[in-house]
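These notes concern the structure reproduced below.
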Amino acid sequence: MRASRLLQILLLLQNRGRLTSAQLAAELEVTPRTILRDVDAMTEAGLPIIVFQGNQGGIELGFNYRTRLTGLDQDEAEALGVILDTRNPALVALGMEQAAKRAQAKLVESFPYKVRETVQRAMGQFVVTMAAPEDDPRVPAFANAIRGRRIVRINASGPQARLVHPVAMRLAGQGWFVTDGQTGEDFALTDSGDINISAHRFE
C-alpha cells in the first residue's frame, strides 16, 4: 500500500510540479504528516526531493528528475487495455477516431515492457463494442463551435430561435447534450433544430 502511494507522490510531483503536503494529502486521502513521512522515505531512497519552507513553500522534484514508472499493477494494466481498446462512439461522432488511435499507440509504447505486454494482451482478450448513435452533422459542428468558443443560433430558421454559448458536450443514453455557458443548462441536441455557427466568439 505504501509503495503504491510513494509512486503516486512521485508521479504527482513529476506531472504537476511543486505541491504542498496538504495538496498531496488531499489527492491521496491521507494526512499531511503521512506525506511528510513518505517524503523522508523517498529522500532516504535517493530520490531528489526538495522541500521548501514558508508561505510559498512546498515539495518538488529536483534536477529535472523524470521517471517512466507508471505504478500500474497487473489488474490496472489489464483494465487500461480494455479502456484503450473500447471503440468510443463519441470519438467517432466527433471525428476524433483516427487521432485517438494514434494517441493510443503512443501511450501504449511509452509504457515499460511488462506493463506494455499486459496492456496489449488485454486489448486482444477483452473486446468491447458500443453501438454508435446515428450520424448527425450537428455533432462535429457543435464540437468546432466549442473549440472556437463561437456563438451558435439553434432552431435558426424557426420562431424559437435563440443564441447559445456552447462550452461542453456529453453523450448520455442514446443522445447528445450541449451545455450553454450563459445559463449553465444542458439542452438535447435533438431539440436544437437547424443550427447556425456564428463568426462571433464569446468569452
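The values are calculated or read from the model by the stated rules, or taken from the named source; none is laboratory data. As the structure is a prediction and not an experimental result, all values here were calculated from the model. All Cβ positions, glycine included, derive from the backbone under ideal geometry; neighbour counts span all protein chains shown. Side chains are part of the model used for accessible areas, which takes the heavy atoms of the whole protein and leaves out ligands, DNA and RNA. Shrake-Rupley method; radii C 1.70, N 1.55, O 1.52, S 1.80 Å.
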>> Every residue in region 34-49 that is open to solvent by less than 60 Å² (accessible area, probe 1.4 Å), among the aliphatic types (A, V, I, L, M) and part of a helix (DSSP H, G or I), please.
In response: Ile35, Val39, Ala41, Met42
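For every residue, the table says whether it meets (1) open to solvent by 40 Å² or more (accessible area, probe 1.4 Å); (2) of a type in the set (Asp, Glu).
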residue: Val139; (1), (2): no, no
residue: Ala156; (1), (2): no, no
residue: Pro166; (1), (2): no, no
residue: Gly173; (1), (2): yes, no
residue: Thr183; (1), (2): yes, no
residue: Asp186; (1), (2): yes, yes
>> Every residue in region 188-203 that is open to solvent by less than 100 Å² (accessible area, probe 1.4 Å) and in a strand (DSSP E or B), please.
In response: Ala188, Ile195, Asn196, Ile197, Ser198, Ala199
> Would it be correct to say that Arg102 is under 30 Å from Val167 (Cα atoms), out of contact with any Gly (no Cβ under 9 Å at 6 or more places or on another chain), open to solvent by less than 100 Å² (accessible area, probe 1.4 Å) and charged (D, E, K, R)?
Replying inline: no
